[in-house]
1. Among 303, 84, 341, which one moves the most in a GNM of the chain with springs linking Cα atoms closer than 10 Å?
2. Mind checking which lysines have their C-alpha under 18 Å from residue 24, skipping anything on the same chain fewer than 8 residues away?
3. When DSSP beta bridges are limited to those with both residues in the chain, what percentage is antiparallel, rounded to the nearest 5?
4. Can you work out the Karplus-derived ³J(HN,Hα) for every residue in segment 76-82? Use 6.51 cos²θ - 1.76 cosθ + 1.60 with θ = phi - 60°, whole Hz, and x for glycine or proline.
5. With everything on Cα atoms, drop me the angle between helix 109-121 and the longest principal axis of the chain, reported from 0 to 90° to the nearest 10.
6. Within 10 Å of each candidate Cβ there may be at most 10 other Cβ atoms; applying that plus a DSSP loop requirement, which trypsin sites (Lys or Arg not before Pro) in segment 140-230 survive?
7. Got a sec? Which residues in segment 30-50 would a label at residue 66 touch, if it sits 7 Å along Cα→Cβ and we count backbone N under 14 Å?
8. Mean residue ellipticity at 222 nm from the helices of the chain, using -39,500 (n - 2.57) per DSSP H segment of n ≥ 4 over the full residue count, to the nearest 500 deg cm²/dmol?
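Coordinate-derived values only; no laboratory data. If you're wondering where the values come from, they're calculated on a predicted model, not measured in any experiment. A quick note on method: Cβ atoms are made from the backbone with ideal geometry, for glycine too, and the neighbour counts reach across all protein chains shown.
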Amino acid sequence: MKKNKYKVIVTGGAGFIGGNLIRKLLQEKDWVVYNFDQMGYASDLSWIKDSEDYKLRHLFLKIDLRNKEILEKVVKEISPNLIIHLAAESHVDRSIDNPLNFIESNIIGTFNLLEASRAYWETISDIKKKLFRFIHISTDEVFGSLGLNGKFDENTKYSPRSPYSSSKASSDHLVQSWYHTYGLPTIISNCSNNFGPYQFPEKLIPLSILKGIRGESIPLYGDGLNIRDWLYVEDHVEAILLLAERGKVGKSYCIGGFGEKTNKEVQLQICNILDMVKPSKFPHADLIKNVEDRPGHDKRYAINSNLIQKELGWTPKMTFEDGLKKTIHWYLDNLEWSDSIMQKSGYSGYRIGQKK
Ligand SMILES: NC(=O)c1ccc[n+]([C@@H]2O[C@H](COP(=O)([O-])OP(=O)(O)OC[C@H]3O[C@@H](n4cnc5c(N)ncnc54)[C@H](O)[C@@H]3O)[C@@H](O)[C@H]2O)c1
């Protein structure tokens, strides 16, 4: 490997968004990618091709971000140009059942990575220091819940309402503090709900698709009128790369899909597509069943993406409808992937995140 190749550390690269990001990096850049992941229940690396080129440019390290000493050692050894931090516990329902995991991975894990990055960054040359970036991938959920009007933007006050969103909010505050106090060149993305290939089948869209394919009942929380702003994962990945290349240090950017939908609309649309591509004796929509709501279920998220649009020219390329069709076809073509990851994790699609 050439000594002066551009090196990026991606944390959480065995997860949904991290995996999509690394695939794009390997396809489109000649960078060397160091993938740090603890290999949790939602992790998967089966997509890595046997290509010799990929093997040389994708180096996986099984690292738990809760282990500060290891992090400090490997970050220094690698000497990266860029760190993109995605590793986190990511499912609100699981945060209701087991908040401690979220505090440890999302808050302590981010603290450890910031400290490891700072320890390394303070030792490098001024020019490398200036060009280094730490991109922290966060969520719109840190802003809380909207009524029927208005959208979140970069000036919205933080008001997280679940153990997941409060752990992400805490990590965002740490990242901002490391910028203001130590000068570490950080950028934060606050992105809306992602969907697309390789998402672990506990989240709304893949769970509903797989239940529909199997003819099992599709759970709809509460009245089904909670609204999310859906973004196709490849559009998020493009935005992350733009932030790394041209984002302003110390800033945060709101990233949304212009795809506001109620959960009920999402499930009905999935069922309509399944009726066309995998017809059954009865309409798939008959499988949708209202179940008890999620405790503290945020009503509505919506994003104003004007800043990233204006500053970096980013806008989502995929419509919700086209992205959903692509995603459904992907799950239909990759049923073995879902079966295998669900079996490995011990999760079969049952309800989680109810108050005991
Ligand atoms: N999925 C979304 O809709 C969405 C939207 C906005 C922001 N985000 C953020 O994007 C990031 C990635 O989300 P995702 O949907 O790909 O999640 P995911 O659950 O699919 O993947 C997360 C990965 O992080 C790893 N990880 C967790 N804790 C770790 C630790 N302590 N040490 C090392 N690795 C650890 C897991 O093993 C997993 O492979 C998260 O930070 C999430 O908060 C997600």
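1. Its mean-square fluctuation being the largest, the pick is 341.
2. The qualifying lysines are 5, 7, 49, 55, 317, 326.
3. 10 percent
4. 4, 4, 6, 6, x, 8, 8
5. The angle comes out near 30 degrees.
6. Those satisfying the criteria are 157.
7. From segment 30-50, the list is 38-41.
8. After summing the helix terms and dividing by the residues of the chain, the value is -13000 deg cm²/dmol.
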